[in-house]
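Visitor: I am attaching a structure below and will ask some questions about it afterwards.
The values are calculated or read from the model by the stated rules, or taken from the named source; none is laboratory data. Not measured: the values here are computed from a predicted model. Here the Cβ positions follow ideal geometry from the backbone for every residue, glycine too, while neighbour counts run over all protein chains shown.
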Amino acid sequence: MQVTVIEIGGQARYVVRPVDNKALNRFLAKARTWLLKDQPDATLTHRNADAGESDRWKAAFDLHCIWGGDEDEFFGIPL
C-alpha cells in the first residue's frame, strides 16, 4: 500500500504505510481515542502522502533498517 497521511482536523499529523486497507482501518479504529486525545471533536481522515511526506517516511524507514529492523516492524512516524 502507498504511504498514507493521517490528518486530524485537516492537519497532517502522521505518515504511515499500512500493508492494506484492512490494516489502515484497524489502526484508525484502535488508535482513534489516542489520535484525538488533544482534539476530541476533530475529524480523523487519511490521504495519500505527497512527495515530501513520502520522503520523510522513507528516511525514517531507512534509519530503522540500518540497525537491523525489517519492514514488518515499521509502521510510521509523526510529522
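Visitor: So which strands (runs of 3 or more DSSP E) stay within region 1-65 end to end and still have 3 or more residues that are farther than 13 Å from Ile77 by Cβ?
Guide: Where strands (runs of 3 or more DSSP E) fall fully within region 1-65 and carry at least 3 residues being farther than 13 Å from Ile77 by Cβ, they are 44-48.
Visitor: Just the residues that are at pLDDT 95 or above and loosely packed, with under 12 Cβ neighbours inside 10 Å, please, taken from region 11-21.
Guide: Within region 11-21, just Gln11 meets the criteria.
Visitor: Condition (residue is at negative phi, within 12 Å of the chain's Cα centre (by Cα), in a strand (DSSP E or B) and surrounded by fewer than 12 Cβ atoms within 10 Å (Cβ to Cβ)) applied to region 71-79: is it met by at least one residue?
Guide: Checked region 71-79: at least one residue is at negative phi, within 12 Å of the chain's Cα centre (by Cα), in a strand (DSSP E or B) and surrounded by fewer than 12 Cβ atoms within 10 Å (Cβ to Cβ).
Visitor: Looking at (1) touching a helix residue (DSSP H, G or I) at 6+ places or on another chain (Cβ under 8 Å); (2) at pLDDT 95 or above; (3) loosely packed, with under 14 Cβ neighbours inside 10 Å, can you tell me which one Met1 breaks?
Guide: If we test Met1 against (1) touching a helix residue (DSSP H, G or I) at 6+ places or on another chain (Cβ under 8 Å); (2) at pLDDT 95 or above; (3) loosely packed, with under 14 Cβ neighbours inside 10 Å, just (2) comes out false.
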